[in-house]
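Undergrad: My structure is below; once you've seen it, I'll send some questions.
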Amino acid sequence: MRGDAEFTSIPIVDVASLRAGDRAAAIAALDDACRHCGFFYLTGHGIDVTGLEARAREFFAQPVAAKLEIAMARGGRAWRGYFPLGGELTSGAPDWKEGIYFGAELADDDVRVRSGTPLHGRNLFPRTPAGLRSAVLAHIDACTQLGHVVMSALGAALGHPEDAFRTRYLADPLTLFRIFHYPAPPEQTWGVGEHTDYGLLTILAQDDCGGLEVRSRDGWVEAPPIPGAFVCNLGDMLERLSNGRYRSTPHRVRNQSGRDRLSMAFFFDPSFDAVVPTPADFVDDVVERWDGESVRAFEGTYGEYLVRKVSKVFPELHGEVLARD
């Protein structure tokens with residue numbers, strides 16, 4: 001993220017207006033949010049998460065031994081399943097959260113699964129609650145459709161044909177879904193430290209606890225829950241593809257509510273084999289980024305980029321599973 005972004009609140013965009021009505025005004029509002037903040041609330045999406053949230057809470061209320069029946073190590077190269085409290089790292093430090101990783105449900109005879117493509121395969125679903133599987137898969141489908149709507153509008157805002165992103169980078173989008181549970185923490189313990197997301201678009205449903213903070217030039221801005229709204233943010237690849245016009249803004253989670261917190265993050269990313277070019281005149285301020293790394297400092301496919309990134313989040317799992325050929 002560059003050092004000149006200043007904002008004091010998160011903008012609100014009505015997705016219903018992106019589908020119909022005054023699309024020009026809605027696209028302009030979305031463009032402004034992405035240029036100046038990199039975050040926005042999305043209303044009017046029509047996706048109900050109450051049933052999914054209830055089933056997720058039921059899962060996390062179980063003993064650890066029951067949750068470990070779907071441990072990520074059992075998911076193999078598909079990189080799916082449960083990780084316990086402290087099992088995920090941000091900048092090398094354990095997060096104060098537990099969670100479950102999901103993705104597009106692929107059969108064993110899918111060509112990507114047969115070839116051993118990382119991050120592709122079957123999901124691991126728990127025995128209890130029984131309804132979690134159907135709720136997760138329905139949410140992934142709904143958010144995939146929503147992701148295409150938003151990315152189409154962003155293509156128009158950037159002066160491209162509205163199907164440009166779908167044709168070039170999202171013909172087979174990598175769709176990843178995470179449900180995170182943050183137990184009420186000890187004092188001054190971070191749920192998740194400062195970071196940016198890797199791909200194009202994140203669509204987040206958060207409960208009423210709050211705790212999400214977004215970095216502005218002059219400090220941290222809270223992103224409090226708005227009932228029925230998603231919080232959306234842009235990832236590093238969209239900053240790259242937009243030639244730095246749009247921002248992949250650092251954010252963090254600090255749960256000070258005294259209660260457990262639940263969030264459900266859907267990541268809408270380029271196809272695994274998509275090559276994400278860097279415009280020749282792209283300049284990013286590495287010093288200003290949370291990790292001191294450049295979003296243009298790689299060549300290859302998005303899948304190669306993502307595997308390198310997740311290997312830092314789960315280094316032991318990477319060594320045991322993905323590094324094995």
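The numbers here are math on the coordinates, done by the rules we state, and not lab data. Just so you know, these numbers come straight off a predicted model, no measurement behind them. All Cβ positions, even for glycine, are placed from backbone atoms using ideal geometry, and neighbour counts span all protein chains on display.
Undergrad: Could you give me the ³J(HN,Hα) list for the stretch 253-265, computed from phi with Karplus coefficients 6.51, -1.76, 1.60 and θ = phi - 60°, whole Hz, x at Gly and Pro?
TA: Per-residue couplings from phi come out as 10, 9, 7, 10, 6, x, 10, 5, 10, 10, 9, 10, 10 Hz.
Undergrad: Here's something else I'd like to know. Order these peptides, 241-248, 26-33, by their mean beta-carbon neighbour count within 10 angstrom, highest first.
TA: For the peptides 241-248, 26-33, the packing ranking is 241-248, 26-33.
Undergrad: Now for a different question. Would you kindly derive the ³J(HN,Hα) couplings of the stretch 124-130 from the backbone phi angles with the Karplus curve 6.51 cos²θ - 1.76 cosθ + 1.60 (θ = phi - 60°), listing them in order in whole Hz, with x for Gly and Pro?
TA: Each residue's phi maps through the Karplus curve to give 9, 10, x, 5, 10, x, 5 Hz.
Undergrad: Using modelled amide H (1.01 Å from N, peptide plane; none on Pro or chain starts), what sits under 5 Å from the amide H of Phe177, excluding residues fewer than 5 places away?
TA: The list, which skips near neighbours in sequence, is Phe102, Gly103, Phe267.
Undergrad: Mind ordering 201-210, 262-271 by average Cβ neighbours within 10 Å, highest first?
TA: In decreasing order of mean packing, 201-210, 262-271 become 262-271, 201-210.
Undergrad: So for the chain, averaging the separation of alpha carbon pairs under 8 Å that are six or more residues apart and normalising by length, what relative contact order in percent results?
TA: 22
Undergrad: Continuing with the same structure: I want to check the label-to-label distance for Asp141 and Glu162. Put each point 7 Å from Cα in the C-beta direction and report it in nm to one decimal.
TA: In this crude label model, Asp141 to Glu162 measures out at 2.4 nm.
Undergrad: With label points built 7 Å along Cα→Cβ from the Cα atoms of Ala65 and Arg259, find their separation and express it in nm.
TA: Computed distance between label sites Ala65 and Arg259 equals 3.1 nm.
Undergrad: If each DSSP helix of 4+ residues adds -39,500 (n - 2.57) and the sum is divided by the residues in the chain, what number results at 222 nm, nearest 500 deg cm²/dmol?
TA: Calculated mean residue ellipticity at 222 nm is -8000 deg cm²/dmol.
Undergrad: Each residue of the stretch 266-273 in order: what ³J(HN,Hα) in whole Hz does its phi give by Karplus 6.51 cos²θ - 1.76 cosθ + 1.60, θ = phi - 60°, with x for Gly and Pro?
TA: The phi angles translate into 10, 10, 9, 10, x, 4, 4, 9 Hz.
Undergrad: Follow-up question, since we're still on this one. What helices does the chain have that are whole DSSP H segments, at least 18 Å long along their own axis by Cα, and with mean Kyte-Doolittle hydropathy of 0.5 or more?
TA: 132-157
Undergrad: If you don't mind, there's one more thing I want to ask. Once R0 is set to 30 Å, what does the formula 1/(1 + (r/R0)^6) return for the Cβ-Cβ distance between Arg19 and Asp208, expressed as a FRET efficiency to the nearest 0.05?
TA: 0.65
Undergrad: Moving to a separate point now. Between Leu85 and Arg35, what is the label-to-label distance in nm when each label sits 7 Å out along the Cα-to-Cβ direction?
TA: Those two pseudo-labels are separated by 4.6 nm.
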